[in-house]
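The values are calculated or read from the model by the stated rules, or taken from the named source; none is laboratory data. A quick note: this is a predicted structure, and the numbers were derived from the prediction, not measured. When we count neighbours, we look across all protein chains shown, and the Cβ atoms used for this are built from the backbone with ideal geometry, even at glycine. Heavy atoms of the whole protein, side chains included, go into the accessibility calculation; ligands, DNA and RNA do not. Shrake-Rupley method; radii C 1.70, N 1.55, O 1.52, S 1.80 Å.
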Amino acid sequence: MRTVLGCIADDFTGATDLAALLARSGLPVSLRIGVPSEDESAADAAAFEVIALKCRTTPVAEAVEEASRAFAWLKRTGAVRFFWKYCSTFDSTAEGNIGPIAEMLMTELGVRQTIYCPAFPENGRSIFMGHLFVGEDLLSESPMKDHPLTPMRDSSLVRLLAPQVGGKVGLANRHVVARGAEALKARLEALADDGVRHVIVDAVCDEDLRAIAATTADFPLVTGGSAVAGQLPRLYIEQGMVLPPSARRSGSPPQGGQIVLSGSCSAMTRRQVAHYGSQSASLRLDPLTLAAEGAGAAEAWLRQQSPDAPKLIFATAEPDDVKRAQEKLGLEKASQLVEQALADLARAAFRRGIRRFVVAGGETSGAVTKALGVTRLEIGPEIAPGVPWTFAEVEGERIALALKSGNFGRETFFEDALNLLEAA
Ligand code: ADP
């Protein structure tokens, strides 16, 4: 099958979120973790190919280089349209990497303009007058202001993007989007004539996303969150670029024990951890203890638990605790200790026969999948908007992974996930 859309995502949970929304169409979606090696065949590519990178916070040059290798591989699938996926809360450092990667892709594809639309109304992320809202709060007043790696202290996407790119940044606001695809097209063209290469596009509801997708379905490059991408498959079917789905593929869930691993400190994850911790065995990881003594005690704790029993290991902590650990150890060291410990514990759990993993945190999910040696995921049933179960093979054994980014899912997400697999 020829790939119709090649996608690059800046982290793992972002990639699974995108894959889940594309998979709602019933069309085959394949998610590859990291840039496939040069000799990895593109012959079995799916209609939608998603490559998950781990480049949200890496140095700009490194991130751009990785994304350009991902792009080169995706071109081999025959894709002529591409999607650059970042978080619906526009998580990025001051220098990038959202803008630099978009500019690299624009150069590669020879396009003079692209759009930026991280809105995900179903999950409470909307953009109005270029300002990003999380629920009813501005991004800068939402819990994202305290994110351990990418604290978001401004809500204006125009202001956030401008320092990341060389070209001019502009806005297509809600008044235009609400008038539909033709009006938006005209606005984009007018902006392009003014030399605006990067356009933030407002969206507050799915109707807006449909207008945006209709306007940009034939753009070689669209950038944004999963929700706008989720509107594209239907248009591609209408345009005859891909045949409608025959039967929805769905893998049977693997048998084996279960574990929840959480390295996310986001507000919703903190509630999920408190909720699940009150009804399962749980162990808290402290970065300072990990620095002093390693993860041996946690591995010993895991060995004492029955593989089948509900259990939770978490580093999830309140912003003040995170700050304290970062002040003592340095931001990178604190993160790295936690990610490494959770990754090692995931491997230990696999060795103990655990086959169902729920992982909270984008960076954390990246570390866990890497440690398990997972390179390709099949997309399964959706647990919450943008969070599917995924299935993979590790050392010849089938495992199930739910990879959840910080603020996704409701309070009962961990049990929701495991119950859904039970019912599948
Ligand atoms: P999210 O999806 O919520 O952003 P991530 O896993 O992407 O979650 O990022 C959370 C980061 O915070 C990870 O790098 C993780 O290792 C780090 N972290 C987790 N717990 C702590 C803690 N107690 N102190 C300091 N850093 C932590």
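Take R324 and tell me if it is more than 10 Å from the ligand (Cβ to nearest atom) and among the basic types (K, R).
no
Look at V204 and say whether it is open to solvent by 10 Å² or more (accessible area, probe 1.4 Å) and under 20 Å from V111 (Cβ atoms).
Details: open to solvent by 10 Å² or more (accessible area, probe 1.4 Å): yes; under 20 Å from V111 (Cβ atoms): no.
In short, no.
Could you grab me the full set of residues in the stretch 88-125 that are open to solvent by 20 Å² or more (accessible area, probe 1.4 Å) and assigned to a loop (DSSP other than H, G, I, E, B)?
Of everything in the stretch 88-125, those that are open to solvent by 20 Å² or more (accessible area, probe 1.4 Å) and assigned to a loop (DSSP other than H, G, I, E, B) turn out to be T93, A94, E95, G110, V111, R112, Q113, G124.
Here is a yes/no grid of residues against (1) under 16 Å from A52 (Cβ atoms); (2) of a type in the set (G, A, S); (3) in the same structural domain as S365 (by TED's automatic domain parsing); (4) surrounded by 21 or more Cβ atoms within 10 Å (Cβ to Cβ):
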site	(1), (2), (3), (4)
A384	no, yes, yes, no
L403	yes, no, yes, yes
N407	no, no, yes, yes
F413	no, no, yes, yes
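Output the residues belonging to the stretch 67-84 that are polar (S, T, N, Q) and either part of a strand (DSSP E or B) or under 16 Å from M241 (Cα atoms) (or both).
Across the stretch 67-84, the qualifying residue is only T77.
I want to confirm something. Restricting to the stretch 343-364 and keeping residues that are among the basic types (K, R) and crowded, with 20+ Cβ neighbours inside 10 Å, which single residue is farthest from Q272 (Cα to Cα)?
Applying the first criterion (among the basic types (K, R)) to the stretch 343-364 yields 347, 351-352, 355-356.
Filter once more, so that each one left must be crowded, with 20+ Cβ neighbours inside 10 Å: 355-356.
Details: R355: 21, R356: 18 Å.
Filtering the stretch 343-364 for residues that are among the basic types (K, R) and crowded, with 20+ Cβ neighbours inside 10 Å, the one farthest from Q272 (Cα to Cα) comes out as R355.
Do we have V338 as assigned to a helix (DSSP H, G or I), in contact with a Pro (Cβ under 7 Å, 6 or more places away or on another chain) and surrounded by 15 or more Cβ atoms within 10 Å (Cβ to Cβ) here?
Criteria met by V338.
Considering only residues that are open to solvent by 20 Å² or more (accessible area, probe 1.4 Å), under 22 Å from Q340 (Cα atoms) and not in a loop (DSSP other than H, G, I, E, B), which ones fall in the stretch 268-286?
R270, G277, A281, S282, L283, R284, listed by residue number.
Answer yes or no as to whether E40 is away from the ligand (no atom under 15 Å from the Cβ) and without any contact (Cβ under 8 Å) to a residue 12 or more places away in the chain.
No: the conditions fail for E40.
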